[in-house]
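A short reminder: the numbers here are calculations on the coordinates, not readings from a lab. The shown structure was predicted, so the numbers you read here are calculated from the model rather than taken from an experiment. No Cβ is skipped: glycine too gets one built from the backbone with ideal geometry, and neighbour counts run over all protein chains shown.
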Amino acid sequence: MVKNITSLALVACLTLPLIGCVTTTSQVANTENYIIDSQTYQATGKSERIKSIILHYTVSDNARSINTLTKGQVSAHYLILDHDDNKIYNLVPESERAWHAGNGGFAGRTILNDTSIGIEIVNSGIKHEYRNALKNGNLDYHPYEHFVDFDELQIKKVAQLVKDLAARYSISPKNIIGHADMAPSRKIDPGAKFPWHRLYTEYGIGAWYDDADKLSFMDTNAFAAATIPQIKQALRDYGYQLNDSDEWDKASRNVVYAFQLHFRPRNPTGTVDLETYAILKALNKKYADTNDFY
């Protein structure tokens, strides 16, 4: 009798496909607990998800920086305060996405929040007396002396943190950048006073040009012959995003200013002069084989 009931149930399932059929518990096979095996087979086509480190300043004091980065709509993986409490604060786990970069791009990548570690450093940015210096139109960009110095303890903390991150994630020296490098029309942080050259020479952090290469490219004739599209392409070759117009419009000059804040901070003007051109050529020579895209 049981056999007949089962047969009828199967017939009903087959003849009423649009209605469906409820399967009883007795008809369900036992579910196995399968093992995740991450050892037997390993793929070679892979790389680290984290591709860049982006450095910022907070334009605020400690208390406001903490409040903004923990309770607002922006965040960062790490926060470095401006007093010596022997700590570097981890606000967002490295495995998660912090909201620090915003629109922009570098080295062929956009949406950098997905592939970067963000580090915020407490610093006021522009000195209070120069906050409105650009509004009267006499200056296009803030010069070196308008920026606020970083504390020695902050630089040591940045060096320790960035060196560790770069090693763990195999981050290219070129991809240790400032917020201005990836968003030059919106941001100027970490500013002209951030010691990129010192981090490179003392701690081996980030990218920097060789003086001998720079000197070799200080060629007035070559610079005079270089066209605007050629110089813009050289900036793109290094990693910067900019348009392909045949003029130095404001958006393009913003890129030049960001480049100078990083590599020629004592005289950031937004104008490509011979020294800026030579530094750019020297950087591209040194890092020509750097693979940024995988």
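What the table below lists for this structure:
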{"quantity": "Most to least packed among 48-55, 216-223, 117-124, 273-280 [average Cβ atoms within 10 Å]", "calculated": "117-124, 48-55, 273-280, 216-223"}
{"quantity": "Residue order, fewest to most beta carbons within 10 Å, for ASP244, ASP149", "calculated": "ASP244, ASP149"}
{"quantity": "In sequence order, calculated HN-Hα J values of region 141-152 (Karplus, 6.51, -1.76, 1.60; Hz; x Gly/Pro)", "calculated": "9, 6, x, 3, 5, 6, 8, 8, 5, 8, 6, 4"}
{"quantity": "For region 88-176: relative contact order, % (alpha-carbon pairs under 8 angstrom, 6 or more apart)", "calculated": "20 percent"}
{"quantity": "Neighbour-count ranking [beta-carbon atoms within 10 angstrom, fewest first] of ASP37, ASP61", "calculated": "ASP37, ASP61"}
{"quantity": "Peptides 178-185, 101-108 ordered by average Cβ neighbours within 10 Å, highest first", "calculated": "178-185, 101-108"}
{"quantity": "Karplus-derived 3J(HN,Hα), 6.51/-1.76/1.60, for each residue of region 199-204, Hz, glycine and proline x", "calculated": "4, 5, 6, 8, 10, x"}
{"quantity": "Derived scalar couplings ³J(HN,Hα) [region 165-171; Karplus, 6.51 cos²θ - 1.76 cosθ + 1.60; whole Hz; x for Gly, Pro]", "calculated": "4, 4, 6, 5, 9, 6, 7"}
{"quantity": "Cα gyration tensor shape of region 196-247, rounded if a/c is under 1.5, else prolate or oblate by comparing a/b with b/c", "calculated": "oblate"}
{"quantity": "Per DSSP, loop GluC sites (Glu not before Pro) in region 144-252 with at most 14 further Cβ within 10 Å", "calculated": "GLU247"}
{"quantity": "Per-peptide average of other Cβ atoms within 10 Å, ordering 259-266, 87-94, 153-160 highest first", "calculated": "259-266, 153-160, 87-94"}
{"quantity": "Cα-based shape type of region 148-215, given that a ≥ b ≥ c are square roots of the gyration tensor eigenvalues and the cut on a/c is 1.5", "calculated": "rounded"}
{"quantity": "Area projected by the alpha carbon convex hull of region 52-286, averaged over all directions, nm²", "calculated": "12.9 nm²"}
{"quantity": "5 angstrom amide H check on GLY178, placed H, neighbours 5+ away", "calculated": "LEU55"}
{"quantity": "Charge context of LEU283, other residues only, Cβ under 10 angstrom, K/R +1, D/E -1", "calculated": "+2"}
